[in-house]
Structures are given as structure tokens and as C-alpha cells.
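The values are calculated or read from the model by the stated rules, or taken from the named source; none is laboratory data. Since we're looking at a predicted model, the values are computed, not measured. Every residue, glycine among them, receives a Cβ derived from its backbone with ideal geometry; neighbour counts consider all protein chains shown. For the accessible areas, the whole protein counts, side chains as well, though only heavy atoms, and no ligand, DNA or RNA atoms are used. Shrake-Rupley method; radii C 1.70, N 1.55, O 1.52, S 1.80 Å.
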Amino acid sequence: MNTVQKNNTITKKQVQEILENNQKKLGLSDKNLKKLIKSMRSHTISRQMRKVFYQECLKKIERNQEEQKGKFKHLTQEDRISIEILHTAGFNNSFIGAFVGKDRSSIKRELDKNAIEIWDINSRKSPYRDKGQINIKYYSSEKAQKNAEENKLKNRKKCKLDRYPNLRWAVVALLKEKNIDYSPDIIANLSKEGKIKNAETSIGTNAIYRAVKTRKYGLTINDLPHGRGYFKKQNNNIHTQTKEISERKKEISIEVMPEEIKRKQVDTHFEGDSVVGVAKGKHETLITLANPVSQFVFIRRSENKTSQATVETLDRLEIEIPELRKIMTSILFDNGVEFSKFDEMMKSIKDKEEKRFQVYFTHPYASYERGCNENKNRLIRRYFKKGKLVENLSDEDILNIERKINNMPRKALGYKTPLEVFENNLKRKGIDTSFLDIYRIKLPKCLAA
């Protein structure tokens, strides 16, 4: 930084030049620039005052702060330091206000509010006996900044959850409800649509997250559906890149799949995968079938991770749902060994000569081509962690996982549940939806029907 030596004298011309050449960096309007130049020409400004002001200009130019947008702006800590230096040097309020971009009345209020009174030891009057004793007022930028920060916190508007008890009770109840897993985003949307009973007003997603972060009202991060943040791991392994499809599967690969299915225009298309608990050994697995259009998911138990066990699981699903052919016309699988018997998977158990659905396969190591199914597998992992045995899950446990996922409002569906969208799609085709009754759940009391 360029500094001014003690023996150097700053002329009026030098001050004028630095003001005119650095008007934008100093944040001066044309009116304030003229006022400062005119004041510098006055005989009331001493050489020492001129030197102090010149140094303040150099400091402000070096900071080169971006000008705050808007009609009004608060004083910053740097502004208060400048006020302290210029006020101590003897500049009046009008001059200081022009330099920091404030009115002189604002500077007066700032000085009066944050002045420290010091007894004038040269005064002959006693401050204890004479009420007319005049003390020296000294402005402290440190005290002013501290008071400003305290007032900002004190005057901050209270959170809606603090002001509205009914809304607070409903938000806490929905986050702690175990039968459903509503995220803060879903709860915020329910409040905006007026679906929370007796709620005084709506609330935003960030306000709920702030309450969880600060552990207010007994909420913790464990009350969130996922209970933790998600971090995407970057895959730099050259051995796990997308590979070509084998010659055996090219006729039924994703490359020959109709374009309307790829664009999610067919509401009877599904994506399939298996979820394992323990990788080693012969243990039961879960077969998941997700519908990308409605995001509805079927979860079924498989005896083990073999192709024959998968065929048997699909056979049981066809017996359970009579009109499976109309509901599920095609499925996109990955290249796992459990889906290797694709000819038998496509054969209907009721009529061996007909297909129950068409099977397609993705590219090897391309799980992103079944994005909807991978997302549902991640949701399943909230309740069924890796390393646990599927054998420890009862049929009721698996059904409860299906209920939670299929009754979770989704932003991609306009905050409708997958069950609602899937059921409406089937009803438009005239398909009986009575098999979906087992997936319905009872809504919490704080929600309007």
C-alpha cells in the first residue's frame, strides 16, 4: 500500500486528483464528489486533516469493495473505522457522510449512539457537583460494530415454527411419524397446499432444515428420512466403464428398445434389479420392479441370487396379479447372473406359448440407464441396510417398505404419491386395481384428507 511519510505535505490538488481518478472505487456519487472537493478547498481543513483524509482514500481504494446494490445499505465495519478516524481528526458530519455515502443526520445518530464519554481532566468543574460538566465524547468503531451485530440478532424476525404452535406441532409430528417418511420438502409443500389441519400459515423447506440443524423442538438429523447427507462418489476406475452388449443379448438390448419407452411415454414399462443383504454365500435376495412413469415399485422375496429363483419369483407375481400382462408389458434388467434365463422369464406361467412381458437389457456397468430403479433401491436401503440378511425380514416388513415408498409424495409427480399416479393410470385402461389395496396407509391426524 502506498503510504504518506510524515515530512510529506499533501496538497489540495493531490486530494482532488485521487478523488476524481478513483471515483468508482471510492463509491462516490457525483454530488458527494463535488462536496468533498469543495470542502478540501476550504481554509477550515488543516494540513494534518488533509493528510489523514488522503490516507483514508488510499485504504478504501486498496480494499476496492463491491458496491452494495439497493437504495439503502448498512454501515460496514470499514465504514465505521473511517468515521472514527475522520471524526477524531476534526471533520464535520456532512463531510464524513459524503465520504461513506450516508446523510449527515445518519452520521450524527451513529456518533451519538456509540459515543464513549471521557471526563475532561483539564476542566475545572467537578463532574460530581456541577451538572453542567461537559465530558469529551469519543466515538468507538469497535463498540459501534458490536452494538450493530447485537441489534441485528435481537431484531431478527422469529421463525414461523416459534410463532405458530399448531404449525410447529404438525411439522414435528410428521417428521417423527414412523409409518411415513416425509422429507422437509414434502412437508413444506403440504403446508403451501393447505393440507395441514389448523395450521396458521405455510412454511418453507429451509426453515424446517434450520430447525433440525439447531436441534429445536426435540428434532435431530435422525428424524429426517435419510438420516444423513448423500455424497456422490466419483468413479475413476477404468474397469467399471460402460461396455458393449454381448451378441447373445443384442436382439433384446436397450439399443433396440422403442423410443417411446426411453422417453417415459409408456406407463406399463418397468425397470428391474435385485437387492442383496450379504454378498457372499447363498442367501435370499429382493427383486425390485419400478415403474418410471409413476415411480411405483414392487418388492418381492427371491430364494437366492440365481436365475431359476428369479423366474419363480416372477411366476408368483403373475399368479398374485391376474392382469399382469396389461400392467407390465416390458422390463429393463441389468446384466446380473440372476436375469440370465430371459427366455423363461418372458414365458407366461398360464400359457407357455405366450409372453407375459418383453425383456430388455442395459449396457454392462451402466446402472444410470435404470435410474428410476436405482433410486428406489436407495430408498429401500433406508430400511434394509447392507450386511443384513433378507431372511430376517418378514413378509410384513417387506410390505411395510413398499407402503412407505409408494405413499411418499414425489416432487417429480407434482407432490402426488406413486400409488395415486399408478392407480389412475391403470383405471384409465379399465384395469382392476383391487390388488393395490394392501399398499394403502392411514394418513396422520394432522393432515387433511
Sorted by accessible area (1.4 Å probe), largest first, how do GLU353, GLU318 line up? GLU353, GLU318
Taking the Cα atoms of the stretch 246-293, report the difference between the largest and smallest coordinate on each principal axis, in whole Å and largest first. 39, 30, 11
Ignoring ligands and nucleic acids, LEU28 exposes an accessible area, probe 1.4 Å, in Å² to the nearest 10, of 20
Find the Rg to Rh ratio for the stretch 252-366, where Rh is the Kirkwood radius over alpha-carbon pairs and Rg uses the same atoms. 0.94
Helix 104-113: inclination vs the chain longest Cα principal axis, degrees, rounded to 10, gives 90
Using a 1.4 Å probe, how large is the accessible area of ASP79, given in Å² and rounded to the nearest 10? 10
Computed over the Cα atoms of the stretch 374-440, what is the convex hull's projected area averaged over all directions, in nm²? 5.4
Spin-label point model (7 Å from Cα, Cβ direction): what's the ALA279 to SER105 distance in nm? 7.3
Efficiency of FRET between THR9 and LYS154 - r from beta-carbon atoms, R0 60 angstrom, step 0.05: 0.80
Output the 0 to 90 degree angle, nearest 10, between the alpha-carbon long axis of helix 307-320 and the longest principal axis computed from the alpha carbons of the chain. 90
If DNA, RNA and ligands are ignored and the probe is 1.4 Å, what is the ranking of LYS249, LYS264 by accessible area, most exposed first? LYS264, LYS249
First obtain the Kirkwood hydrodynamic radius of the stretch 297-357 from its Cα pairs, then insert it into the Stokes-Einstein equation at 37 °C and 0.692 mPa s, and state the resulting D in µm² per second as a whole number. 276
Against the 2.2 N^0.38 Å rule of thumb, the C-alpha Rg of the chain sits at a ratio of 1.61
How far, in degrees from 0 to 90, does helix 30-40 lean away from the longest principal axis of the Cα atoms of the chain, to the nearest 10? 30
Per DSSP helix of 4 or more residues, -39500 (n - 2.57); summed, then divided by the residues of the chain. What does that give at 222 nm, rounded to the nearest 500? -11500 deg cm²/dmol
Running a GNM on the chain with Cα contacts under 10 Å, which residue among ALA188, ALA290, ALA366 ends up with the highest mean-square fluctuation? ALA366
Label points 7 Å out from Cα along the Cβ direction at LYS341 and LYS73: separation in nm? 7.4
For the stretch 13-65, max minus min Cα coordinate along each principal axis, in Å, sorted largest first? 31, 22, 14
Among PRO225, ILE380, ILE83, which residue has its Cα furthest toward the positive end of the charge dipole of the chain, with +1 on Lys/Arg Cβ and -1 on Asp/Glu Cβ? ILE83
What does the accessible area of HIS226 come to, in Å² to the nearest 10, when a probe of 1.4 Å is used? 50
Rg/Rg_globular for the stretch 316-391, with Rg_globular taken as 2.2 N^0.38 Å and Rg from C-alpha atoms: 1.28
Förster radius 56 Å - calculated FRET efficiency between GLU17 and ASP162 (Cβ-Cβ, nearest 0.05): 0.50
Ordered by packing density, taken as the mean number of other Cβ atoms within 10 Å over each peptide's residues, highest first, how do 335-346, 427-438, 42-53 rank? 335-346, 42-53, 427-438
Whole-number D in µm² s⁻¹ for the stretch 323-441, Kirkwood Cα-pair radius fed into Stokes-Einstein, 20 °C, 1.002 mPa s: 128
